[in-house]
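As structure tokens, the structure follows; a few thoughts come after it.
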Amino acid sequence: MKTTRVFLVDDSAVVRQVLMAVLSRAPDLQVIGSAADPVFALEKMARDWPDVIVLDVEMPRMDGITFLRKIMQERPTPVVICSSLTTRSAETTLQALAAGAVDIVTKPQIGLKQFLEESAADLIQTVRTAAQARVRRSATPRDALPPAELSQPAQAMAKTTEHLVAIGTSTGGTQALEEVLVKLPRVCPGILIVQHMPEKFTASFAERLNSVTQIQVREAKNNDRIIPGLALIAPGGRHMALKRNGAQYHVEVFDAAPVNRHRPSVDVLFRSMAKFAGRNATGIIMTGMGDDGARGLLEMREAGARTIAQDEETCVVFGMPREAIQLGAAREVLPLGKISSVIAST
């Protein structure tokens with residue numbers, strides 16, 4: 001069994017202690033060191049570079065975003081963000097994901113030790129997934145671009161449309177979705193998105209995408225109408241499904257048990273697309289760990305929808321697309337760079 005070597009960077013001694021204890025339970029994970037801030041971390045890691053870094057984003061001397069960008073430009077390494085579950089932290093964490101981090105571990109402000117211990121299995125799996133991720137040397141992050149170089153948002157068109165696009169993604173999906181949506185023209189089909197992401201992070205994620213795209217992007221609310229030029233992102237912690245009322249489509253946002261260990265679940269969205277949109281839909285499954293969405297995409301294909309899986313070469317984690325391809329759910333396998341043109345021409 002290959003051992004994954006992990007380094008922890010967090011200014012809280014309690015967090016470092018608990019994370020070390022939790023991750024050390026897994027025989028394939030080895031915590032090789034920890035540091036209270038990125039400056040110390042760089043000194044230690046220079047002597048013994050890890051396979052995965054678990055990183056806080058709000059720290060003294062050097063913030064986690066600056067540290068992450070330095071890593072991704074000089075020595076790309078899978079990074080898992082360990083962030084507090086607050087609105088302020090959500091915005092900062094999304095900057096980290098845009099800069100190249102592969103996943104998020106959330107931590108509450110109170111009951112931290114108990115929470116991390118109870119979430120041990122999820123923490124271990126997140127680090128294992130990160131170790132499999134394809135990370136690449138980053139270009140200039142979009143956050144650093146001057147405002148004139150960013151696309152200006154536009155209001156969605158007011159009329160309805162019959163054709164819809166559903167996208168499901170997980171690990172690596174925040175960057176992939178930005179790459180797809182930023183290339184779309186204002187006139188494009190209505191889009192429904194499930195990105196595996198914790199509660200409170202999806203609203204900030206939608207705001208970020210809305211600021212850099214020509215289409216309108218927002219977190220979905222129950223009974224939102226689906227119209228051209230609008231992308232709705234399922235809220236973290238709740239499922240999203242398509243519904244139809246006559247000629248008009250809208251979304252149902254609801255509480256229910258996790259499906260495939262996820263809430264929101266891609267399968268929930270895709271199955272509703274198969275039921276209510278059928279051949280008037282396109283389903284796209286992108287980078288992510290696990291198999292959520294594979295069976296739902298198969299139902300979409302059987303209902304006559306166009307179905308697409310992102311190819312292995314451009315995925316951060318080729319898990320969800322691989323499962324869909326092996327199941328026969330994907331009619332087409334495309335690189336990330338071609339997905340936006342498919343949506344625009346639908």
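The values are calculated or read from the model by the stated rules, or taken from the named source; none is laboratory data. Please read all numbers here as calculations on a predicted model, not as lab measurements. Glycine gets a Cβ as well: all are built from the backbone with ideal geometry, and neighbour counts include every protein chain shown.
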For this session: Please verify whether segment 201-217 includes one or more residues that are out of contact with any helix residue (DSSP H, G or I) (no Cβ under 9 Å at 6 or more places or on another chain), within 19 Å of residue 329 (Cβ to Cβ) and in the same structural domain as residue 340 (by TED's automatic domain parsing).
Result: no
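For segment 207-250, what are the residues that are among the polar types (S, T, N, Q) and under 21 Å from residue 277 (Cα atoms)? Steps first, please.
First, pick out the residues of segment 207-250 that are among the polar types (S, T, N, Q): 210-211, 213-214, 216, 222-223, 245, 248.
Listed by number, the residues that qualify are 222, 223, 245, 248.
How about segment 109-204: which helices (runs of 4 or more DSSP H) wholly inside it have at least 1 residues that are modelled with pLDDT of 90 or more and in contact with a Pro (Cβ under 9 Å, 6 or more places away or on another chain)? Lay out the reasoning, then the answer.
Values: elements: 112-118, 120-132, 173-181.
The helices (runs of 4 or more DSSP H) meeting that bar are 120-132.
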Exercise. Hey, among the residues in segment 299-337 that are touching a Leu at 6+ places or on another chain (Cβ under 7 Å) and of a type in the set (A, V, I, L, M, F, W, C), which one's surrounded by the fewest Cβ atoms within 10 Å (Cβ to Cβ)?
Worked result: 327
Exercise. Restricting segment 228-270 to residues that are touching a residue at least 40 places away in the same chain (Cβ under 8 Å) and in a loop (DSSP other than H, G, I, E, B), which is farthest from the chain's Cα centre (by Cα)?
Worked result: 247
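Test residue 270 against the stated conditions and say whether it is surrounded by 13 or more Cβ atoms within 10 Å (Cβ to Cβ) and more than 23 Å from residue 317 (Cα to Cα).
Numbers: surrounded by 13 or more Cβ atoms within 10 Å (Cβ to Cβ): yes; more than 23 Å from residue 317 (Cα to Cα): no.
When the stated conditions are applied, residue 270 does not pass them.
Looking at 261, 279, which one is surrounded by fewer than 19 Cβ atoms within 10 Å (Cβ to Cβ), among the basic types (Lys, Arg) and more than 30 Å from residue 200 (Cβ to Cβ)? Talk me through it step by step, then tell me what you get.
On the way: 261 fails: more than 30 Å from residue 200 (Cβ to Cβ).
After applying the criteria, what remains is 279.
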Exercise. Does residue 282 fit the bill of being within 12 Å of residue 164 (Cβ to Cβ), out of contact with any helix residue (DSSP H, G or I) (no Cβ under 9 Å at 6 or more places or on another chain), hydroxyl-bearing (Ser, Thr, Tyr) and in contact (Cβ under 8 Å) with a residue 12 or more places away in the chain?
Worked result: no
